[in-house]
Amino acid sequence: RREKAIAEKSVDNLRAPIICVLGHVDTGKTKMLDTIRRTNVQDGEAGGITQQIGATQVPRDAIVERCKQVREFRAADVKVPGFLIIDTPGHESFANLRSRGSSLCDFAILVVDLMHGLEQQTLESIKLLVKRHTPFVVALNKIDRLHMYESSPRKDVYVHLGTQANNVKLEFKKRYEEVVVQFAEQGLNVCLSNDKKKMADPDYIPMVPTSAYCGDGIGNLMAFIAEMAQSKYSDRLAFIEELDATVMEVKAIPGLGTTIDVILVNGRLKNNDIIVLSGIDGPIVSQIRDLKMPEPLRELRVKSEYRSFKEIQGAQGVKVLAKGMEKALAGLPLYVVNQADEIDLLQAECEAALSKALTS
Ligand code: GDP
(Lines give C-alpha, C1' and ligand atoms only; values in the text may rest on other atoms or scores of the structure.)
Protein backbone atom coordinates (compact mmCIF):
# COMPACT_ATOMS: atom_id res chain seq x y z
CA ARG A 1 0.00 0.00 0.00
CA ARG A 2 2.85 2.32 0.90
CA GLU A 3 4.49 1.83 -2.49
CA LYS A 4 1.20 2.52 -4.25
CA ALA A 5 0.70 5.76 -2.29
CA ILE A 6 4.22 6.90 -3.11
CA ALA A 7 3.90 5.94 -6.77
CA GLU A 8 0.72 8.03 -7.03
CA LYS A 9 2.17 11.16 -5.50
CA SER A 10 2.66 14.12 -7.76
CA VAL A 11 4.20 17.57 -7.41
CA ASP A 12 1.09 18.85 -9.19
CA ASN A 13 -0.92 17.98 -6.09
CA LEU A 14 0.79 19.67 -3.14
CA ARG A 15 -0.49 19.75 0.42
CA ALA A 16 -0.24 22.85 2.58
CA PRO A 17 3.18 23.18 4.23
CA ILE A 18 3.06 23.13 8.03
CA ILE A 19 4.71 26.20 9.48
CA CYS A 20 5.85 26.92 13.04
CA VAL A 21 6.81 30.24 14.59
CA LEU A 22 9.79 30.30 16.97
CA GLY A 23 11.89 32.95 18.68
CA HIS A 24 12.74 34.66 21.97
CA VAL A 25 9.95 35.96 24.21
CA ASP A 26 8.58 39.38 23.16
CA THR A 27 10.11 39.33 19.69
CA GLY A 28 6.55 39.39 18.25
CA LYS A 29 5.68 35.74 17.55
CA THR A 30 2.06 36.10 18.70
CA LYS A 31 1.65 39.38 16.87
CA MET A 32 3.06 37.75 13.73
CA LEU A 33 0.43 34.99 13.93
CA ASP A 34 -2.33 37.56 14.47
CA THR A 35 -1.16 39.60 11.49
CA ILE A 36 -0.92 36.59 9.20
CA ARG A 37 -4.50 35.66 10.19
CA ARG A 38 -5.76 39.15 9.46
CA THR A 39 -6.64 39.89 5.85
CA ASN A 40 -7.55 42.87 3.76
CA VAL A 41 -10.82 41.24 2.84
CA GLN A 42 -13.76 43.00 4.46
CA ASP A 43 -16.56 40.59 3.61
CA GLY A 44 -16.62 39.06 7.06
CA GLU A 45 -15.46 35.67 5.81
CA ALA A 46 -11.88 36.52 6.75
CA GLY A 47 -10.73 35.71 3.22
CA GLY A 48 -11.36 32.02 3.67
CA ILE A 49 -8.82 31.86 6.49
CA THR A 50 -10.08 29.22 8.88
CA GLN A 51 -9.26 28.51 12.43
CA GLN A 52 -8.59 24.82 12.82
CA ILE A 53 -7.59 22.69 15.74
CA GLY A 54 -4.29 24.03 17.01
CA ALA A 55 -3.58 25.62 13.67
CA THR A 56 -4.78 28.20 11.18
CA GLN A 57 -5.39 27.35 7.53
CA VAL A 58 -4.42 30.26 5.29
CA PRO A 59 -5.75 29.36 1.84
CA ARG A 60 -4.06 30.11 -1.45
CA ASP A 61 -6.35 33.09 -2.19
CA ALA A 62 -5.45 34.77 1.08
CA ILE A 63 -1.74 34.23 0.38
CA VAL A 64 -2.15 35.73 -3.09
CA GLU A 65 -4.05 38.70 -1.66
CA ARG A 66 -1.23 39.36 0.81
CA CYS A 67 1.56 38.89 -1.70
CA LYS A 68 0.20 41.15 -4.47
CA GLN A 69 2.28 43.98 -3.08
CA VAL A 70 5.52 42.07 -3.60
CA ARG A 71 7.54 43.06 -6.61
CA GLU A 72 8.20 40.14 -8.97
CA PHE A 73 5.36 38.16 -7.37
CA ARG A 74 3.08 36.37 -9.81
CA ALA A 75 -0.18 35.00 -8.41
CA ALA A 76 -0.33 32.30 -11.08
CA ASP A 77 2.90 30.88 -9.66
CA VAL A 78 1.42 29.94 -6.27
CA LYS A 79 1.00 26.18 -6.32
CA VAL A 80 0.59 25.41 -2.62
CA PRO A 81 -3.09 25.13 -1.62
CA GLY A 82 -2.36 27.21 1.47
CA PHE A 83 -0.31 27.32 4.67
CA LEU A 84 -1.13 25.44 7.84
CA ILE A 85 0.30 27.58 10.61
CA ILE A 86 0.65 26.07 14.08
CA ASP A 87 -1.08 28.38 16.59
CA THR A 88 1.20 27.81 19.57
CA PRO A 89 4.50 29.57 18.93
CA GLY A 90 7.76 28.74 20.67
CA HIS A 91 10.36 26.03 20.77
CA GLU A 92 8.58 23.80 23.31
CA SER A 93 5.66 23.42 20.95
CA PHE A 94 8.00 22.84 18.01
CA ALA A 95 9.94 20.20 19.96
CA ASN A 96 6.75 18.31 20.76
CA LEU A 97 5.53 18.27 17.20
CA ARG A 98 7.22 15.19 15.90
CA SER A 99 6.26 12.92 13.09
CA ARG A 100 8.13 9.72 12.35
CA GLY A 101 11.02 10.84 14.48
CA SER A 102 11.62 14.10 12.66
CA SER A 103 9.89 17.44 12.79
CA LEU A 104 6.26 17.65 11.85
CA CYS A 105 6.82 21.23 10.71
CA ASP A 106 7.97 21.67 7.14
CA PHE A 107 9.25 25.19 7.73
CA ALA A 108 9.75 27.60 10.57
CA ILE A 109 9.65 31.36 10.90
CA LEU A 110 12.30 32.41 13.40
CA VAL A 111 11.34 35.82 14.75
CA VAL A 112 14.25 38.07 15.74
CA ASP A 113 13.75 41.53 17.23
CA LEU A 114 15.86 43.79 15.02
CA MET A 115 16.51 46.05 18.02
CA HIS A 116 17.78 43.22 20.25
CA GLY A 117 19.47 40.80 17.88
CA LEU A 118 19.88 37.14 18.85
CA GLU A 119 18.71 36.37 22.38
CA GLN A 120 18.82 33.29 24.60
CA GLN A 121 15.72 31.52 23.27
CA THR A 122 16.67 32.51 19.72
CA LEU A 123 19.85 30.50 20.17
CA GLU A 124 17.93 27.55 21.62
CA SER A 125 15.48 27.72 18.73
CA ILE A 126 18.32 27.76 16.18
CA LYS A 127 19.91 24.68 17.79
CA LEU A 128 16.62 22.81 17.63
CA LEU A 129 15.92 23.82 14.02
CA VAL A 130 19.38 22.72 12.93
CA LYS A 131 19.07 19.44 14.85
CA ARG A 132 15.74 18.64 13.23
CA HIS A 133 16.90 19.81 9.77
CA THR A 134 13.96 22.19 9.52
CA PRO A 135 14.43 24.93 6.91
CA PHE A 136 13.70 28.35 8.34
CA VAL A 137 13.28 31.98 7.38
CA VAL A 138 14.25 34.75 9.79
CA ALA A 139 11.68 37.50 10.27
CA LEU A 140 13.76 40.54 11.17
CA ASN A 141 10.92 42.03 13.15
CA LYS A 142 9.99 45.43 14.57
CA ILE A 143 11.48 47.45 11.70
CA ASP A 144 8.89 50.10 12.58
CA ARG A 145 11.02 50.80 15.68
CA LEU A 146 13.76 52.27 13.49
CA HIS A 147 13.92 55.95 14.38
CA MET A 148 11.64 57.95 12.01
CA TYR A 149 10.56 54.86 10.04
CA GLU A 150 7.33 55.40 8.11
CA SER A 151 5.17 52.34 7.76
CA SER A 152 3.56 51.19 4.51
CA PRO A 153 2.13 47.67 4.87
CA ARG A 154 0.80 47.55 1.29
CA LYS A 155 4.18 47.99 -0.37
CA ASP A 156 7.00 45.60 -1.12
CA VAL A 157 9.16 45.98 1.99
CA TYR A 158 12.43 46.25 0.07
CA VAL A 159 11.07 48.89 -2.29
CA HIS A 160 9.67 50.70 0.71
CA LEU A 161 12.90 50.55 2.73
CA GLY A 162 14.63 52.10 -0.26
CA THR A 163 12.39 55.16 -0.04
CA GLN A 164 13.02 55.82 3.67
CA ALA A 165 15.08 58.78 4.90
CA ASN A 166 18.84 58.20 4.84
CA ASN A 167 19.19 57.94 8.62
CA VAL A 168 16.52 55.18 8.65
CA LYS A 169 18.36 53.28 5.93
CA LEU A 170 21.63 53.64 7.80
CA GLU A 171 20.19 52.46 11.09
CA PHE A 172 18.59 49.48 9.35
CA LYS A 173 21.92 48.59 7.72
CA LYS A 174 23.81 48.89 10.99
CA ARG A 175 21.35 46.74 12.94
CA TYR A 176 20.98 44.18 10.20
CA GLU A 177 24.76 43.84 9.92
CA GLU A 178 24.95 43.24 13.68
CA VAL A 179 22.50 40.38 13.29
CA VAL A 180 24.58 38.94 10.41
CA VAL A 181 27.64 38.92 12.71
CA GLN A 182 25.68 37.27 15.54
CA PHE A 183 24.52 34.51 13.20
CA ALA A 184 28.08 34.07 11.95
CA GLU A 185 29.13 33.52 15.59
CA GLN A 186 26.70 30.59 15.56
CA GLY A 187 28.32 29.28 12.40
CA LEU A 188 25.42 30.32 10.15
CA ASN A 189 25.30 32.51 7.06
CA VAL A 190 22.31 34.80 6.69
CA CYS A 191 21.36 37.38 4.10
CA LEU A 192 18.34 39.42 3.07
CA SER A 193 15.90 37.40 0.98
CA ASN A 194 16.26 39.80 -1.97
CA ASP A 195 20.01 39.20 -2.21
CA LYS A 196 19.80 36.98 -5.29
CA LYS A 197 23.50 36.23 -5.44
CA LYS A 198 23.76 34.93 -1.90
CA MET A 199 20.36 33.23 -2.05
CA ALA A 200 21.68 31.10 -4.91
CA ASP A 201 24.00 29.52 -2.34
CA PRO A 202 22.03 26.88 -0.37
CA ASP A 203 24.10 27.61 2.74
CA TYR A 204 22.50 31.02 3.20
CA ILE A 205 19.51 31.43 5.49
CA PRO A 206 17.11 34.15 4.30
CA MET A 207 15.95 37.08 6.40
CA VAL A 208 12.89 39.20 5.64
CA PRO A 209 12.45 42.59 7.35
CA THR A 210 9.00 42.74 8.96
CA SER A 211 6.79 44.67 11.27
CA ALA A 212 4.28 42.27 12.75
CA TYR A 213 2.73 45.34 14.36
CA CYS A 214 2.18 47.39 11.19
CA GLY A 215 2.09 44.58 8.64
CA ASP A 216 5.14 45.73 6.67
CA GLY A 217 7.04 42.87 5.05
CA ILE A 218 4.45 40.18 5.88
CA GLY A 219 3.60 39.86 2.18
CA ASN A 220 7.30 39.46 1.35
CA LEU A 221 7.62 36.81 4.07
CA MET A 222 4.63 34.82 2.81
CA ALA A 223 5.66 35.13 -0.84
CA PHE A 224 9.15 33.94 0.02
CA ILE A 225 7.87 30.89 1.90
CA ALA A 226 5.41 29.98 -0.88
CA GLU A 227 8.11 30.30 -3.51
CA MET A 228 10.67 28.33 -1.50
CA ALA A 229 8.12 25.61 -0.65
CA GLN A 230 7.28 24.83 -4.23
CA SER A 231 10.65 25.41 -5.85
CA LYS A 232 12.79 23.48 -3.35
CA TYR A 233 10.47 21.23 -1.36
CA SER A 234 7.75 20.10 -3.77
CA ASP A 235 8.75 16.48 -3.31
CA ARG A 236 8.26 16.66 0.46
CA LEU A 237 4.99 18.54 -0.02
CA ALA A 238 3.45 16.26 -2.65
CA PHE A 239 0.24 14.97 -1.06
CA ILE A 240 0.20 11.21 -0.48
CA GLU A 241 -2.59 8.91 0.64
CA GLU A 242 -0.40 7.19 3.21
CA LEU A 243 -1.56 8.43 6.60
CA ASP A 244 0.77 10.66 8.61
CA ALA A 245 -0.93 12.05 11.70
CA THR A 246 0.32 13.22 15.10
CA VAL A 247 -1.61 13.73 18.33
CA MET A 248 -0.90 17.28 19.39
CA GLU A 249 -3.02 17.59 22.51
CA VAL A 250 -5.34 15.55 24.69
CA LYS A 251 -8.19 17.73 25.95
CA ALA A 252 -11.34 17.30 27.99
CA ILE A 253 -14.11 19.35 26.39
CA PRO A 254 -17.41 19.90 28.22
CA GLY A 255 -20.10 17.95 26.40
CA LEU A 256 -17.64 16.07 24.19
CA GLY A 257 -15.57 14.17 26.77
CA THR A 258 -11.83 13.68 26.35
CA THR A 259 -10.85 14.42 22.76
CA ILE A 260 -7.56 14.41 20.89
CA ASP A 261 -6.33 17.25 18.71
CA VAL A 262 -4.54 15.85 15.71
CA ILE A 263 -2.36 17.39 13.05
CA LEU A 264 -3.02 15.41 9.90
CA VAL A 265 -0.01 15.88 7.61
CA ASN A 266 -0.79 13.41 4.83
CA GLY A 267 -3.54 10.97 3.94
CA ARG A 268 -7.12 11.10 5.25
CA LEU A 269 -9.03 10.47 8.44
CA LYS A 270 -12.61 9.23 8.12
CA ASN A 271 -15.49 8.84 10.50
CA ASN A 272 -15.65 5.24 11.87
CA ASP A 273 -11.94 4.58 11.14
CA ILE A 274 -10.35 2.25 13.68
CA ILE A 275 -7.39 4.06 15.20
CA VAL A 276 -4.34 3.00 17.20
CA LEU A 277 -2.36 5.46 19.31
CA SER A 278 -0.02 5.54 22.31
CA GLY A 279 -1.45 5.75 25.82
CA ILE A 280 -0.14 5.93 29.39
CA ASP A 281 -0.88 2.22 29.93
CA GLY A 282 0.11 1.07 26.46
CA PRO A 283 -1.38 1.43 22.97
CA ILE A 284 -5.06 2.34 22.70
CA VAL A 285 -7.36 0.94 19.99
CA SER A 286 -10.55 2.88 19.38
CA GLN A 287 -12.93 4.08 16.68
CA ILE A 288 -13.42 7.62 15.36
CA ARG A 289 -16.90 8.79 16.35
CA ASP A 290 -16.61 12.27 14.91
CA LEU A 291 -14.14 14.66 13.31
CA LYS A 292 -14.53 18.30 14.27
CA MET A 293 -13.20 21.66 13.26
CA PRO A 294 -14.35 25.11 14.39
CA GLU A 295 -17.02 26.88 12.33
CA PRO A 296 -15.57 29.34 9.81
CA LEU A 297 -14.95 32.56 11.64
CA ARG A 298 -16.81 35.74 10.97
CA GLU A 299 -15.12 37.47 13.83
CA LEU A 300 -11.67 36.10 14.47
CA ARG A 301 -11.87 36.72 18.19
CA VAL A 302 -15.22 35.05 18.78
CA LYS A 303 -15.07 31.56 20.18
CA SER A 304 -17.13 29.49 17.80
CA GLU A 305 -18.90 26.16 17.81
CA TYR A 306 -17.53 23.07 16.11
CA ARG A 307 -18.65 21.64 12.81
CA SER A 308 -18.55 17.89 12.03
CA PHE A 309 -16.78 16.36 9.05
CA LYS A 310 -17.05 12.86 7.59
CA GLU A 311 -13.56 12.98 6.14
CA ILE A 312 -10.52 15.24 6.43
CA GLN A 313 -7.58 15.37 4.06
CA GLY A 314 -4.07 16.56 5.02
CA ALA A 315 -2.64 18.92 5.84
CA GLN A 316 -5.16 20.09 8.44
CA GLY A 317 -5.70 20.31 12.18
CA VAL A 318 -8.69 18.34 13.48
CA LYS A 319 -10.34 17.32 16.73
CA VAL A 320 -10.96 13.57 16.88
CA LEU A 321 -13.73 12.17 19.07
CA ALA A 322 -13.31 8.57 20.16
CA LYS A 323 -13.89 6.50 23.29
CA GLY A 324 -11.07 5.92 25.77
CA MET A 325 -8.93 8.97 24.97
CA GLU A 326 -8.40 9.85 28.67
CA LYS A 327 -5.06 8.04 28.71
CA ALA A 328 -3.85 9.09 25.24
CA LEU A 329 -0.36 10.62 25.00
CA ALA A 330 0.41 13.78 23.03
CA GLY A 331 3.32 14.23 20.63
CA LEU A 332 3.04 10.75 19.15
CA PRO A 333 1.66 9.25 15.93
CA LEU A 334 -1.88 8.11 15.28
CA TYR A 335 -2.47 5.14 12.98
CA VAL A 336 -5.54 3.89 11.14
CA VAL A 337 -6.24 0.18 10.83
CA ASN A 338 -6.89 -0.83 7.23
CA GLN A 339 -7.04 -4.60 7.80
CA ALA A 340 -7.95 -6.35 11.07
CA ASP A 341 -4.66 -8.26 11.21
CA GLU A 342 -2.74 -4.99 11.26
CA ILE A 343 -3.68 -4.10 14.84
CA ASP A 344 -0.76 -5.96 16.47
CA LEU A 345 1.71 -4.41 14.09
CA LEU A 346 0.39 -0.89 14.71
CA GLN A 347 0.47 -1.42 18.47
CA ALA A 348 4.12 -2.38 18.11
CA GLU A 349 4.70 0.77 16.04
CA CYS A 350 3.18 2.81 18.89
CA GLU A 351 5.54 1.23 21.42
CA ALA A 352 8.50 1.90 19.15
CA ALA A 353 7.49 5.53 18.55
CA LEU A 354 7.08 6.05 22.30
CA SER A 355 10.48 4.65 23.23
CA LYS A 356 12.08 6.68 20.43
CA ALA A 357 10.42 9.85 21.74
CA LEU A 358 11.60 9.11 25.27
CA THR A 359 15.21 8.72 24.20
CA SER A 360 15.56 11.51 21.61
P1 GDP B 1 5.98 36.97 21.71
O2 GDP B 1 6.31 36.86 23.17
O3 GDP B 1 7.18 36.66 20.87
O4 GDP B 1 4.77 36.22 21.29
O5 GDP B 1 5.74 38.54 21.45
P6 GDP B 1 4.37 39.34 21.25
O7 GDP B 1 3.77 39.06 19.94
O8 GDP B 1 3.52 39.12 22.45
O9 GDP B 1 4.93 40.81 21.21
C10 GDP B 1 5.61 41.39 22.32
C11 GDP B 1 5.39 42.89 22.31
O12 GDP B 1 6.03 43.43 21.16
C13 GDP B 1 3.93 43.28 22.22
O14 GDP B 1 3.75 44.44 23.00
C15 GDP B 1 3.74 43.58 20.76
O16 GDP B 1 2.71 44.50 20.53
C17 GDP B 1 5.09 44.15 20.38
N18 GDP B 1 5.41 43.90 18.97
C19 GDP B 1 5.33 42.75 18.27
N20 GDP B 1 5.71 42.92 17.00
C21 GDP B 1 6.03 44.24 16.89
C22 GDP B 1 6.49 45.04 15.80
O23 GDP B 1 6.68 44.59 14.66
N24 GDP B 1 6.72 46.34 16.09
C25 GDP B 1 6.52 46.89 17.31
N26 GDP B 1 6.77 48.17 17.48
N27 GDP B 1 6.09 46.15 18.35
C28 GDP B 1 5.84 44.85 18.14
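The values are calculated or read from the model by the stated rules, or taken from the named source; none is laboratory data. Bear in mind the structure is a predicted one, so any value in this text is a computation, not a measurement. Glycine also receives a Cβ, built like all others from the backbone with ideal geometry; neighbour counts cover every protein chain displayed.
Laid out as a table, the results:
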| read-out | value |
| --- | --- |
| Within segment 74-94, tally of residues that are away from the ligand (no atom under 16 Å from the Cβ) and closer than 17 Å to Gly317 by Cβ | 5 |
| Every pair of residues 6+ apart whose Cβ atoms lie under 9 Å, when the first sits in segment 75-91 and is surrounded by fewer than 18 Cβ atoms within 10 Å (Cβ to Cβ) while the second is modelled with pLDDT of 90 or more and charged (D, E, K, R) | Asp77/Glu227 |
| Count - residues of segment 164-187 that are more than 16 Å from the ligand (Cβ to nearest atom), crowded, with 16+ Cβ neighbours inside 10 Å and not in a helix (DSSP H, G or I) | 0 |
| Meets criteria (touching a residue at least 60 places away in the same chain (Cβ under 8 Å) and either in contact with a Gly (Cβ under 6 Å, 6 or more places away or on another chain) or small (Gly, Ala, Ser) (or both)) for Val111 | yes |
| Flag for Leu123 being aliphatic (A, V, I, L, M), touching a Phe, Trp or Tyr at 6+ places or on another chain (Cβ under 7 Å) and either loosely packed, with under 15 Cβ neighbours inside 10 Å or assigned to a helix (DSSP H, G or I) (or both) | no |
| Single unsatisfied condition, Ala212 versus (1) without any contact (Cβ under 8 Å) to a residue 60 or more places away in the chain; (2) within 16 Å of the ligand (Cβ to nearest atom); (3) part of a loop (DSSP other than H, G, I, E, B); (4) touching a Lys or Arg at 6+ places or on another chain (Cβ under 9 Å) | (1) |
| Residue that is surrounded by the fewest Cβ atoms within 10 Å (Cβ to Cβ), among those in segment 206-253 that are under 19 Å from Pro89 (Cα atoms) and among the hydroxyl-bearing types (Ser, Thr, Tyr) | Tyr213 |
| Long-range neighbours under 9 Å by Cβ, at least six apart or interchain, first residue farther than 11 Å from Ile205 by Cβ within segment 168-193, second polar (S, T, N, Q) and buried (at least 18 other Cβ atoms within 10 Å of the Cβ) | Phe172/Gln164; Gln182/Thr122 |
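Let's see how each residue does on (1) buried (at least 21 other Cβ atoms within 10 Å of the Cβ); (2) away from the ligand (no atom under 16 Å from the Cβ); (3) at pLDDT 90 or above:
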residue: Ser10; (1), (2), (3): no, yes, no
residue: Ile19; (1), (2), (3): yes, no, yes
residue: Thr30; (1), (2), (3): no, no, yes
residue: Gln42; (1), (2), (3): no, yes, no
residue: Glu72; (1), (2), (3): no, yes, no
residue: Asn96; (1), (2), (3): no, yes, no
residue: Ile109; (1), (2), (3): yes, no, yes
